[in-house]
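Okay, structure first, notes after.
The values are calculated or read from the model by the stated rules, or taken from the named source; none is laboratory data. The structure presented is a predicted model; accordingly, all values stated were derived computationally and were not measured. Methodologically, a virtual Cβ is constructed for each residue, glycine included, from the backbone with ideal geometry; neighbour enumeration extends over all protein chains shown. Areas reflect the complete protein model, heavy atoms only, side chains present, ligands, DNA and RNA absent. Shrake-Rupley method; radii C 1.70, N 1.55, O 1.52, S 1.80 Å.
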Amino acid sequence: MDQVETTTPRRSRLGVDLALLALVGAMLLTAIGAGASVLYTSYYGPSAFVVRYLDLLSSGRAADALHVPGVALDRATLEKSGITGTPSEAMLRPAALATLTDVEVVSEKPADDDGTAVTVSYRAGGHEGKTTFLVTQDGWAGVTPNWRFATSPLAVVDLTLSGADQYAVNGFEVDRRQISTAGAEAQPLDPLPMLVFTPGLYSITVDTAISTSKGVGVLADSPLATTPVSVQTTPTDEFIGVVQQRVEEFLTECTTQQVLQPTACPFGLEVRNRLSSLPVWSIATQPKITVVPDGGQWQIPPTDAVAHVDVGIKSLFDGSVEEVSEDVPFQVNGTITILPDGSASIRVGSPGEVPQE
């Protein structure tokens, strides 16, 4: 009887201890599972892969970002994505990157073809954005998975730049001939396709001695998308001043011709009688020159001016001589071509006539 009373409490305590051990074990397994899940999400999962890529962009490590699996593109992939030609890689460098901050994973969902769609939010150059990346597993590294972009996060900005050959992207200065596949033979309106990282804000500006433009911003937020951008520059005051001077010099040179119709000049005088003295020309009112876009180049729109002529006219009827001092209104226009060396070829004429250089 005493033995039964002694054994029963011991068995009861043993059961309690085993139950506690089982509970602790379950809690440990749960904690380990939760920890493994956190590690997977933070370091080894597709979201972590995308965040590491964005961290590289945030820190300006463009070369490292370009070597992330699935980022670099070949011609076949470009053509399959509908991107024709050969986009320049000049923007895939630190100097062309804008700031990228406040990166946060919004969602991670299964996608087609056993891939994963990772959506992130961010601020690119101060602008809020959201981008979805397609990621797929790329083998294993021991017991952890490797990942790669199923769709490259690169995109194309297709720039049409009018009135300038030099421009800057996020402050990084480039020349049309560095970007165009035509090189030194690049034409003023040739499209300028440029590969860029997504996400990213790309501000295109022009500030040269000839032309300028306000910044045009492009938020590249869709992988393998092509965004067309047109930038029309305006002439600088310095450029207009140079054209004004060149036109005045041209017209002044015309006045040295002592004929009624100066050759290749936009003014002249017609008379039916004979001359008793050679004409003496001067410019009474110089034109006030403006410069406007003309496709990829510039033109001088028709502008009023006044020449003055002093000449003696002898009448064929009675031989009398009349001293004529007359203002001769005329119009001047012209074309301006920016040459490959950066100089300007200015051709001046009058409406309806071929401009003269």
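Tell me the mean residue ellipticity at 222 nm calculated for the chain from its helices only (DSSP H runs of n ≥ 4, each -39500 (n - 2.57), averaged over every residue, nearest 500).
Numbers: 6 runs with 84 residues, N = 357.
Result for the chain, helices only: -7500 deg cm²/dmol.
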Spelling out what I want: for every residue of the range 99-113, take phi, set θ = phi - 60°, compute 6.51 cos²θ - 1.76 cosθ + 1.60 (Karplus), and round to whole Hz; glycine and proline get x.
5, 9, 9, 6, 6, 8, 6, 8, 7, 9, 10, x, 10, 5, 6
Cα-projected label distance for V271 with T181, points at 7 Å along beta-carbon direction, nm
6.3
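Using the Cα centre as the reference, give the magnitude of the dipole from point charges on the C-beta atoms of the chain (Lys, Arg: +1; Asp, Glu: -1; all else neutral), rounded to the nearest 20 debye.
Values: 21 positive and 41 negative charges, 298 e Å.
Dipole of the chain, to the nearest 20 debye: 1440 debye.
Where only protein heavy atoms count, and the probe is 1.4 Å, what is the accessible area per residue for the chain in Å²? Don't skip to the answer; put the middle values down first.
Working: 19610 Å² over 357 residues.
Using a 1.4 Å probe on heavy atoms only, each residue of the chain averages 55 Å².
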With N residues in the chain, Rg(alpha-carbon) / (2.2 N^0.38 Å) equals 1.84
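Within the range 287-357, report the trypsin sites (Lys or Arg not before Pro) that DSSP leaves as loop and that have at most 14 other Cβ atoms within 10 Å.
K288
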Placing unit charges on C-beta atoms (Lys and Arg positive, Asp and Glu negative, everything else neutral), compute the dipole magnitude of the range 247-353 about its Cα centre in debye, rounded to 20.
180
Taking the simple approach of a point 7 Å from Cα along Cα-to-Cβ for both D294 and Q258, what is their distance in nm?
3.4
Of the candidates I210, Q244, L192, the farthest towards the positive dipole end of the range 185-248 (Lys/Arg Cβ +1, Asp/Glu Cβ -1, centred on the Cα centre) is L192
In the range 222-267, what chymotrypsin sites (Phe, Trp or Tyr not before Pro) fall in a loop by DSSP, with at most 10 other Cβ atoms inside 10 Å?
none
Would you kindly calculate the mean projected area, averaged across all directions, of the convex hull enclosing the Cα atoms of the range 261-319, in square nanometres?
5.4
The percentage of Cα-Cα pairs in the range 145-242 separated by more than 20 Å is 42
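Of all the Cα-Cα pairs you can form in the range 73-205, what percent are over 27 Å apart?
On the way: 2825 of 8778 pairs.
Distances greater than 27 Å cover 32 percent of the Cα pairs.
How much length would be gained if the chain were fully extended between V321 and L339, taking 0.36 nm per residue of separation minus their Cα-Cα distance, in nm to one decimal?
Values: separation 18, 0.36 × 18 = 6.48 nm, distance 5.06 nm.
1.4 nm is the gain from fully extending V321 to L339.
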Say each of A63 and D304 gets a label point 7 Å from the Cα, pointing the same way as Cα to Cβ; how far apart are those two points in nm?
6.3
Portion, in percent, of the accessible area of the chain that falls on carbon or sulfur, probe 1.4 Å:
53
Under a Cβ-only charge scheme (Lys and Arg +1, Asp and Glu -1), can you give me the dipole magnitude of the range 61-101 about the Cα centre, in debye to the nearest 20?
60
How long are the three semi-axes of the equivalent ellipsoid for the range 293-357, computed from the Cα gyration tensor as the root of 5 times each eigenvalue, in whole Å, largest first?
39, 11, 10
